[in-house]
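One structure is given below, represented as structure tokens, and several questions about it will come after.
The values are calculated or read from the model by the stated rules, or taken from the named source; none is laboratory data. A quick note: this is a predicted structure, and the numbers were derived from the prediction, not measured. All Cβ positions, even for glycine, are placed from backbone atoms using ideal geometry, and neighbour counts span all protein chains on display.
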Amino acid sequence: MNTSNVQLNTTAAMPSAIGLPAEEILNFLISNGSIDLDGVTTQMKQSRRQQILENHPYNIYQDKDGRWRTYIKDETNKYGRKAIVKSNREDLEDALCDFYLGVKTTRLKKRTTMASLYKEWLEFKALHVKASSVARVQNDWDRYYANTAIVNKPISSLTKLELDRWVHEMIREHEMTKHKYTNFSLIIRQELDYAVDLGVIDKNPFRDVRVDKKRVLVPEHKKPDRTQVFTREEQRKLEELAWKDFETKHYNVHQLTPLAVMFMFYTGARVGEICGIRYSDIEGNNLTIRRTVHHPDNVVTEDTKGTFGDREIPLVPKAWNLINAARQCQQENDAPDDGYIFSMNEGPLLYTSVTKAFYRYCDILGIDAKSSHKARKTFVSTMLDGGVSINTVRKIVGHTDERTTLNNYCYDRSTDEEKVRKMAAALG
């Protein structure tokens, strides 16, 4: 050890070295500030690097193309060696140190970016979340991160100040609400946490960034009722159209789609859950929701969205009418009638078959386009209008918190004329 870099504190009461273990002496020196441990560590790393390069058996040279070259031993190669080529000498020496140490710490710290680490991190995250969550993360990456300069900077160079500025610029540019910001910030927070776990950085600088959510985020206003649910008249007309569509179609793979569309209004199930329900999920008068068909690959998984888990939905008479109509159609066309309820073959009903049907029916009826999810909101609003307990509704639709049900799924289904009549009656 070069003693010039070891500063001894002569005023410290240092015990006699005679007969004491070296480790005890070293710990004493460190605890009393007699040794600059960071300086010693840096010097040791530099010494190790120098030793590796001095013992490297092949020449390191710059070729005519300006790039730096050398070789490393490789028993699988017929020449017993493999070439390493880098654009500059420092990168070449980093690669050699990584090879001899059996790690990639040097290159990781200097070259790893959010963009280069993203795929690996997302694959790791996919082990812990559902496919729908991974798809949402990918959409947010494409929307907020993919074309920004910051994701191509080395992670080790990112500072709290730089991230703070970038995050607030993104909030302003995309007019983020609290919900949007939560989804957006999840990526940078968790990916940099992953970089810490890999040893790319010692600390996640984004953890120190503070966002005053009340002052900088756009307030979230509840959307107009007419855009979020089907009015009673709209639902009545849509069901008439769906029944006609079902009864006049020739046999085809998607013949039961109109029944699935109407079934959403009487169960409140999500479209992926509707596509995946089977006759075996019915016991007595209850339907158990336990699987999901995912968009866009139509893969079936034995789970449901969120953390609620399996749930039971009581089947009302109109829901039974749709189930019986599906079974009768399957039997008349020699299709399986013991598998998926709304399918005419062995596989589940296509996710997009249902979602597209909603938009098509709205277009035919000349009403505002409403997605399949609006049928789920219509179900919740209808139940609450009918006096069903909020806790019962929450459990039927699979929400862990009733605030989610009330804040995001409760809307007035009345037309403007109906609202005026109700107000007039209430006010006398």
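Do we have Val316 as under 28 Å from Glu332 (Cβ atoms), buried (at least 21 other Cβ atoms within 10 Å of the Cβ) and among the β-branched types (Val, Ile, Thr) here?
Values: under 28 Å from Glu332 (Cβ atoms): yes; buried (at least 21 other Cβ atoms within 10 Å of the Cβ): no; among the β-branched types (Val, Ile, Thr): yes.
Considered against the rule, which asks whether it is under 28 Å from Glu332 (Cβ atoms), buried (at least 21 other Cβ atoms within 10 Å of the Cβ) and among the β-branched types (Val, Ile, Thr), Val316 comes out as no.
From the list Asn152, Asn183, pick out the single residue that is touching an Asp or Glu at 6+ places or on another chain (Cβ under 6 Å) and closer than 20 Å to Leu122 by Cβ.
Details: Asn152 fails: touching an Asp or Glu at 6+ places or on another chain (Cβ under 6 Å).
From the options Asn152, Asn183, the qualifying one is Asn183.
Where residues in region 270-289 are of a type in the set (Gly, Ala, Ser) and farther than 20 Å from Val380 by Cβ, which of them is surrounded by the fewest Cβ atoms within 10 Å (Cβ to Cβ)?
So in region 270-289, the residues of a type in the set (Gly, Ala, Ser) come out as 272, 276, 280, 284.
Narrowing further to those that are farther than 20 Å from Val380 by Cβ: 276, 280, 284.
Values: Gly276: 28, Ser280: 12, Gly284: 8.
So the residue we want is Gly284.
Hey, can you tell me all the residues within region 169-203 that are surrounded by fewer than 14 Cβ atoms within 10 Å (Cβ to Cβ), more than 21 Å from the chain's Cα centre (by Cα) and in a loop (DSSP other than H, G, I, E, B)?
Gly199, Asp202, Lys203
OK, next. Restricting attention to region 370-389, which residues are under 18 Å from Leu315 (Cα atoms) and surrounded by 16 or more Cβ atoms within 10 Å (Cβ to Cβ)?
Step one: list which residues in region 370-389 are under 18 Å from Leu315 (Cα atoms), which gives 375-384, 386-389.
Correct list: Ala375, Arg376, Lys377, Thr378, Phe379, Val380, Ser381, Thr382, Met383, Leu384.
Condition first: polar (S, T, N, Q) and touching a residue at least 40 places away in the same chain (Cβ under 8 Å). Now tell me which residues in region 360-375 satisfy that. Explain how you work it out, then say what you get.
Within region 360-375, the first condition is being polar (S, T, N, Q), and the residues that meet it are 371-372.
The answer is Ser372, and nothing else.
May I pose another question? Where residues in region 331-369 are within 27 Å of His399 (Cβ to Cβ) and among the β-branched types (Val, Ile, Thr), which of them is surrounded by the most Cβ atoms within 10 Å (Cβ to Cβ)?
Result: Ile341.
Being buried (at least 16 other Cβ atoms within 10 Å of the Cβ), within 21 Å of Gln190 (Cβ to Cβ) and modelled with pLDDT under 95 is the requirement here; does Thr112 meet it? Walk me through it before giving the result.
Values: buried (at least 16 other Cβ atoms within 10 Å of the Cβ): yes; within 21 Å of Gln190 (Cβ to Cβ): yes; modelled with pLDDT under 95: yes.
Against the criterion (buried (at least 16 other Cβ atoms within 10 Å of the Cβ), within 21 Å of Gln190 (Cβ to Cβ) and modelled with pLDDT under 95), Thr112 qualifies.
From the residues in region 151-160 that are of a type outside the set (Gly, Ala, Ser) and over 29 Å from Glu220 (Cβ atoms), which one is surrounded by the most Cβ atoms within 10 Å (Cβ to Cβ)? Outline the logic, then answer.
Within region 151-160, the first condition is being of a type outside the set (Gly, Ala, Ser), and the residues that meet it are 151-155, 158-160.
Then drop every residue that is not over 29 Å from Glu220 (Cβ atoms), which leaves 152-155, 158-159.
Details: Asn152: 10, Lys153: 14, Pro154: 16, Ile155: 25, Leu158: 21, Thr159: 10.
Step by step, filter region 151-160, then rank; the result is Ile155.
When the residues of region 396-413 are narrowed to those that are crowded, with 17+ Cβ neighbours inside 10 Å and on the phi < 0 side of the Ramachandran plot, which ends up modelled with the lowest pLDDT? Even if it seems obvious, please write down each step before you answer.
Within region 396-413, the first condition is being crowded, with 17+ Cβ neighbours inside 10 Å, and the residues that meet it are 396-399, 405, 409-411, 413.
Going one step further and asking which of them are on the phi < 0 side of the Ramachandran plot, we end up with 396-397, 399, 405, 409-411, 413.
Details: Ile396: 95, Val397: 94, His399: 92, Thr405: 89, Tyr409: 89, Cys410: 90, Tyr411: 90, Arg413: 86.
Ranking the qualifying residues of region 396-413, first place goes to Arg413.
Considering only residues that are outside any loop (DSSP other than H, G, I, E, B), of a type outside the set (Ser, Thr, Tyr) and either farther than 19 Å from Met264 by Cα or touching a residue at least 24 places away in the same chain (Cβ under 8 Å) (or both), which ones fall in region 336-359?
Val354, Ala357, Phe358, listed by residue number.
Residues that are free of Cβ contacts under 8 Å to residues at least 24 places away in the same chain and among the polar types (S, T, N, Q), at least 1 per element: which helices (runs of 4 or more DSSP H) completely within region 66-168 meet that?
Details: elements: 89-101, 105-111, 114-126, 131-140.
Passing ranges, in order: 105-111, 114-126, 131-140.
Moving on. For region 217-232, check the following and say yes or no: at least one residue is buried (at least 20 other Cβ atoms within 10 Å of the Cβ), within 27 Å of Ser343 (Cβ to Cβ) and modelled with pLDDT of 95 or more.
yes
Another question about this same structure. From Thr227, Thr304, Thr288, which residue is without any contact (Cβ under 8 Å) to a residue 40 or more places away in the chain, polar (S, T, N, Q) and in contact with an Asp or Glu (Cβ under 7 Å, 6 or more places away or on another chain)? I'd like the intermediate steps shown before the answer.
Working: Thr227 fails: without any contact (Cβ under 8 Å) to a residue 40 or more places away in the chain; Thr304 fails: without any contact (Cβ under 8 Å) to a residue 40 or more places away in the chain.
Selected residue: Thr288, the only one of Thr227, Thr304, Thr288 that is without any contact (Cβ under 8 Å) to a residue 40 or more places away in the chain, polar (S, T, N, Q) and in contact with an Asp or Glu (Cβ under 7 Å, 6 or more places away or on another chain).
Run Ala326 past the list (1) free of Cβ contacts under 8 Å to residues at least 60 places away in the same chain; (2) surrounded by 13 or more Cβ atoms within 10 Å (Cβ to Cβ) and report the number of the one that doesn't hold.
Against the list (1) free of Cβ contacts under 8 Å to residues at least 60 places away in the same chain; (2) surrounded by 13 or more Cβ atoms within 10 Å (Cβ to Cβ), Ala326 comes up short only on (1).
Any idea which of Ile72, Ile35, Ile30 is under 48 Å from the mean Cα position of the chain (by Cα), surrounded by 10 or more Cβ atoms within 10 Å (Cβ to Cβ) and either at pLDDT 75 or above or not assigned by TED's automatic domain parsing to the domain that holds Phe99 (or both)?
Working: Ile35 fails: either at pLDDT 75 or above or not assigned by TED's automatic domain parsing to the domain that holds Phe99 (or both); Ile30 fails: either at pLDDT 75 or above or not assigned by TED's automatic domain parsing to the domain that holds Phe99 (or both).
Sole residue among the options that is under 48 Å from the mean Cα position of the chain (by Cα), surrounded by 10 or more Cβ atoms within 10 Å (Cβ to Cβ) and either at pLDDT 75 or above or not assigned by TED's automatic domain parsing to the domain that holds Phe99 (or both): Ile72.
Looking at Lys237, Lys305, can you tell me which residue is under 32 Å from the mean Cα position of the chain (by Cα), among the basic types (Lys, Arg) and surrounded by 13 or more Cβ atoms within 10 Å (Cβ to Cβ)? Show your work before the answer.
Working: Lys237 fails: under 32 Å from the mean Cα position of the chain (by Cα).
That would be Lys305, the only listed residue that is under 32 Å from the mean Cα position of the chain (by Cα), among the basic types (Lys, Arg) and surrounded by 13 or more Cβ atoms within 10 Å (Cβ to Cβ).
I would also like to ask the following. Considering only residues that are at pLDDT below 90 and not aliphatic (A, V, I, L, M), which ones fall in region 180-213?
First, the residues of region 180-213 that are at pLDDT below 90: 196-202.
Answer for region 180-213, where residues must be at pLDDT below 90 and not aliphatic (A, V, I, L, M): Asp197, Gly199, Asp202.
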